[in-house]
């Protein structure tokens, strides 16, 4: 067995461990009409549990650039077009302010329990 | 031309005349398609869709904060303050010096000229429709008009007047004491009431009806065919609506549009996110024909130059370029149509009565 195969097995084992150990939930937060939308409802606040993952899905016909400069988690997902999705996992509890750099009126307070 | 005539018929009123015109219109479109007429012809005859009407007409209500609802006294006070050069350190520059109502509420300069005739780094943005804007200043550093209004008064390069010394100056003018009391009873002459009064007046400066608005309302012959085609290019091939959308033609967003001469980090100075390097606020396009030169640095003199810029797709600066920017490959006709459309966004002239300033 070559090194590449070992790496693959390692990656699969790692994925299994993370998904079972965390029993984490996944949520999709859409960017639509320059707002954050969950299940068709515009949201300005959203609560998840530590270890959960959020899929940020761009459902507008133009680019969005989701980021957070919060103490809890700092990330910059870069600009991505309609139909694309980027994921962020929140490991620690706390509060994160999530915004779109291009459209700063898009603002979401995420509480991680 | 024949289609325009037929659609004119449909507005005569009687429903059967409408259906008749529609039927013939549909037939005519069918014939046009059969003859291989290109889509530009169909677009030229286009009427605004119900979605266009909903999206692009100015909302009648002007947004205003609960803590500073507009009253005639507040607006009147704000207007006097707006035109009063005593708000500057030199007593020579008023808000209206740069935001000149005779020049589209801007100044016609590539970049603003401030205290001591110093040339500033950014152009004077129009204050038209700022009531509807979510962020103020080119880099969006202020959210509210109340806070924005005080910025240029204090800025050393602009009006260079510390508020601490301005407030006693205003208190020494009896008419101002009365006007502030009428506008904000019991609150006195403070930074807060000064900002609130100026903001109240600025909220009244809203766009007037333009040929485009009349066209949306169904008036015939007010938009040239070129302008109507330009609207289609604006929404379609040129994708201007990626940023300039809605009645105020802005997304209230920030973009680096790839100006070759830009060395200003813009919004990045406020929010250090990579995409914001060299990004500036999307300005309104209402009355845009009145507010040359264009861009935050005033580098383009005409709307034609602006269209050439967007057609080129822009040039990376500050290692950045908005991903919406792409080479457009517009024809000369499409470029001319875009300019015609933007010129059709010029509203009826506003009658602005300059107030008599209170004497000491």
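The values are calculated or read from the model by the stated rules, or taken from the named source; none is laboratory data. This is a predicted model, so every value here is computed, not measured. Positions of Cβ are generated from backbone atoms using ideal geometry, with glycine treated the same way; all protein chains shown enter the neighbour counts.
The sole residue among A:29, A:66, A:48 that is more than 25 Å from residue B:267 (Cβ to Cβ) and at pLDDT 95 or above is A:48.
So which residues in segment A:84-113 are in contact with a strand residue (DSSP E or B) (Cβ under 8 Å, 6 or more places away or on another chain) and farther than 29 Å from residue A:23 by Cβ? Within segment A:84-113, A:99, A:100, A:101, A:102, A:103, A:104, A:106, A:107 meet the criteria.
Would you tally the residues in segment A:70-107 being in contact with a helix residue (DSSP H, G or I) (Cβ under 9 Å, 6 or more places away or on another chain) and at the interface with chain B (Cβ under 10 Å from one of its Cβ atoms)? Looking only at that region, the number is 6.
Criterion first (surrounded by 14 or more Cβ atoms within 10 Å (Cβ to Cβ), outside the structural domain of residue B:113 (by TED's automatic domain parsing) and either within 30 Å of residue B:208 (Cβ to Cβ) or at pLDDT below 95 (or both)) does residue B:79 satisfy it? No; evaluated as a whole, the condition is false for this residue. Residue count for segment B:118-144 satisfying the condition of being away from chain A (no Cβ under 13 Å) and on the phi > 0 side of the Ramachandran plot: 1. Considering only residues in segment B:301-319 that are under 21 Å from the mean Cα position of the chain (by Cα) and surrounded by 19 or more Cβ atoms within 10 Å (Cβ to Cβ), the one that is farthest from the other protein chains (Cβ to nearest Cβ) turns out to be B:303. For residue B:229, the conditions (1) facing another protein chain (nearest Cβ under 9 Å); (2) buried (at least 21 other Cβ atoms within 10 Å of the Cβ) are fulfilled apart from (1). Could you please give the count of residues in segment B:172-181 that are surrounded by 14 or more Cβ atoms within 10 Å (Cβ to Cβ) and either farther than 18 Å from residue B:75 by Cα or within 32 Å of the chain's Cα centre (by Cα) (or both)? Here the count works out to 4. Taking the criterion of being modelled with pLDDT of 95 or more, more than 14 Å from chain A (Cβ to nearest Cβ) and closer than 24 Å to residue B:57 by Cα, would at least one residue in segment B:270-284 satisfy it? Yes, there is a match, as at least one residue in segment B:270-284 is modelled with pLDDT of 95 or more, more than 14 Å from chain A (Cβ to nearest Cβ) and closer than 24 Å to residue B:57 by Cα. So, residue B:307, is that one in the same structural domain as residue B:214 (by TED's automatic domain parsing), under 28 Å from residue B:274 (Cα atoms), modelled with pLDDT of 95 or more and in contact with a helix residue (DSSP H, G or I) (Cβ under 7 Å, 6 or more places away or on another chain) or not? Considered against the rule, which asks whether it is in the same structural domain as residue B:214 (by TED's automatic domain parsing), under 28 Å from residue B:274 (Cα atoms), modelled with pLDDT of 95 or more and in contact with a helix residue (DSSP H, G or I) (Cβ under 7 Å, 6 or more places away or on another chain), residue B:307 comes out as yes.
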